[in-house]
Amino acid sequence: MSALQAMEDRPNDPNGRATRRRRTGVALAVAVVALAVIGALVAAAHATGVRSHLAGERRFLQTEALAAAEYGVERVAANAPLAVWRAMPPGSTDSAGPWVVGRARVKVRMTRLGDSLHPIVLLQGVATAGGGTGRVARRTISLTLSVGQGRFTPLGALTTGAPVAFGPGALIEGADLPPAGWSCPVGGAPLPGISTPSAGSVLSAGCGAGCLGGAPPVAQSAMAADTSTYQTFGELTWAQLTATARRIPAVASPRPSTSANVCLATDPLNWGDPARASPAAPCESYFPVLYAAGDLHLAGGVGQGILLVGGNLTVGGGARFAGIVVTQGTVDAGSGGGRLEGAVMAAGATGGTNRLVAPLTIVHSRCAIAAAESGGERVLPVPHRAWADVY
């Protein structure tokens, strides 16, 4: 078809230009509207993303602040300054920290509650976490702790639920005698040498004269057969004490350990120093709580504090221990014997017999018991809602 024919076949539209302009205007309007809608959608998506990001940032900061607050409270509780807390008057406050934990900073406020004999401490961990957006999150949690102390009330120098067999040269003394060199108050009334459920279970004929002293030398008591005597000690229980006690090997020869005139409490064989020197040695004031899950053989050495034995205790090699000994089994004298000062409580749950031969000595001492109890203080959450999320 020629160009001329094409022109002839085209309708004669005098308004063609206007129609084209109208169509072009509609397309432009549609494009503008479409761009506006797309822009609005993009802006809405961006705003939603920004809000979501900021909300996520806030949640992250809240989480970090909460974690930091818990860290501060747990840190203070784990390293409880018991002497400081006891010295604080009720109602007074102290603080610890601050510490930096990631993007957070935490400080712990300590408030002394309770009376002078039963301290209760309120710990409040106040944490602030800041992010790159300039936003800040704050969290505060609280933990209420009571300071519990084991109170040991032995019925005799040796309290036992098992039979006792003496050999020549062994000695049990119920009179209140201070350990050699210790600065102690005047001794109190004597205890029985042995407290047992049945006086007939004590066989002392072979030990000779003067091997058993006390008022009376042997006392019969139903409490000596009661398992609670060997499981509950004032505010603390066997389970609570053993849970936080230092684990010790089955055979041990403890001795004081120092470095630069500082007592090394981290040394597993450092059980304190029952000797007393002038000036005082570094480990004289160290009274650990020690725990042997099974049988324990003391093969010499010295120590002080609270000694907990899940099985039988054998004392040999001239070992000396001052404080409290609680064994769920029996006490036997090994080669070389030894000396236990304070109180010994042997439940006899293993079904054996306490075999005491020379040269094993068990001496009652209230002074040694009191000193060991001071080292056995523990912090415990108060019952019912000790932990609280303040805000």
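The values are calculated or read from the model by the stated rules, or taken from the named source; none is laboratory data. It should be emphasised that the depicted structure is a prediction, and the values quoted were computed from it without experimental measurement. Note that we place each Cβ from the backbone using ideal geometry, even for glycine, and neighbour counts take in every protein chain shown. Areas reflect the complete protein model, heavy atoms only, side chains present, ligands, DNA and RNA absent. Shrake-Rupley method; radii C 1.70, N 1.55, O 1.52, S 1.80 Å.
If only residues of the range 149-200 that are polar (S, T, N, Q) and open to solvent by less than 30 Å² (accessible area, probe 1.4 Å) are counted, the one that is nearest to Ser278 (Cα to Cα) is Gln149.
Is it true that some residue in the range 339-354 is without any contact (Cβ under 8 Å) to a residue 60 or more places away in the chain, within 20 Å of Ser204 (Cβ to Cβ) and either polar (S, T, N, Q) or crowded, with 18+ Cβ neighbours inside 10 Å (or both)? Yes, the range 339-354 has at least one match.
For the range 323-335, the criterion of being open to solvent by 10 Å² or more (accessible area, probe 1.4 Å), closer than 23 Å to Leu177 by Cα and modelled with pLDDT under 95 is satisfied by at least one residue.
In the range 80-95, which residues are of a type in the set (Val, Ile, Thr) and part of a strand (DSSP E or B)?
Thr93
Scanning the range 346-353 turns up no residue that is of a type outside the set (Gly, Ala, Ser), touching an Asp or Glu at 6+ places or on another chain (Cβ under 6 Å) and within 19 Å of Thr160 (Cα to Cα). Among residues of the range 370-391 that are within 15 Å of Val325 (Cα to Cα), those with a Cβ under 7 angstrom from a residue that is of a type in the set (D, E, K, R) and surrounded by 13 or more Cβ atoms within 10 Å (Cβ to Cβ), sequence gap 6+ or separate chain, pair up as Glu373/Arg151.
Considering the conditions (1) open to solvent by less than 10 Å² (accessible area, probe 1.4 Å); (2) modelled with pLDDT under 95; (3) out of contact with any helix residue (DSSP H, G or I) (no Cβ under 7 Å at 6 or more places or on another chain), Val363 is excluded by exactly one of them, (2). When the criteria are applied in full, Arg246 meets the requirement of being open to solvent by 20 Å² or more (accessible area, probe 1.4 Å), under 28 Å from Leu380 (Cβ atoms) and modelled with pLDDT of 90 or more.
Only one of the numbered conditions (1) surrounded by fewer than 22 Cβ atoms within 10 Å (Cβ to Cβ); (2) out of contact with any helix residue (DSSP H, G or I) (no Cβ under 7 Å at 6 or more places or on another chain) is not met by Glu377, and that is (2).
Looking only at the range 310-322, filter to residues that are out of contact with any Asp or Glu (no Cβ under 8 Å at 6 or more places or on another chain) and under 23 Å from Arg366 (Cα atoms); which one of those is surrounded by the most Cβ atoms within 10 Å (Cβ to Cβ)? Among those that are out of contact with any Asp or Glu (no Cβ under 8 Å at 6 or more places or on another chain) and under 23 Å from Arg366 (Cα atoms), it is Ala319. Cβ-Cβ distance below 7 Å, separation of 6 or more or different chains: which pairs start in the range 240-260 with a residue that is more than 14 Å from Leu313 (Cβ to Cβ) and end on one that is part of a loop (DSSP other than H, G, I, E, B) and acidic (Asp, Glu)? Listed pairs, sorted by first residue: Pro256/Asp273; Ser257/Asp267.
Taking the criterion of being open to solvent by 70 Å² or more (accessible area, probe 1.4 Å), in a loop (DSSP other than H, G, I, E, B) and not small (Gly, Ala, Ser), the residues of the range 249-263 that qualify are Arg255, Asn261. Looking across Thr128, Thr93, Thr144, one residue alone is open to solvent by 70 Å² or more (accessible area, probe 1.4 Å) and of a type in the set (Val, Ile, Thr). It is Thr93.
If you scan the range 264-284, which residues turn out to be of a type outside the set (A, V, I, L, M), open to solvent by 30 Å² or more (accessible area, probe 1.4 Å) and in contact (Cβ under 8 Å) with a residue 12 or more places away in the chain? Pro268, Arg276, Pro282 - these are the residues of the range 264-284 that are of a type outside the set (A, V, I, L, M), open to solvent by 30 Å² or more (accessible area, probe 1.4 Å) and in contact (Cβ under 8 Å) with a residue 12 or more places away in the chain. When the range 288-309 is filtered for residues that are open to solvent by 30 Å² or more (accessible area, probe 1.4 Å), closer than 23 Å to Gln240 by Cα and of a type in the set (A, V, I, L, M, F, W, C), only Ala293 remains. Considering the range 60-86 alone, what residues qualify as being open to solvent by 70 Å² or more (accessible area, probe 1.4 Å), small (Gly, Ala, Ser) and at pLDDT 80 or above? Once the filter is applied, which keeps residues that are open to solvent by 70 Å² or more (accessible area, probe 1.4 Å), small (Gly, Ala, Ser) and at pLDDT 80 or above, the range 60-86 yields only Ala78.
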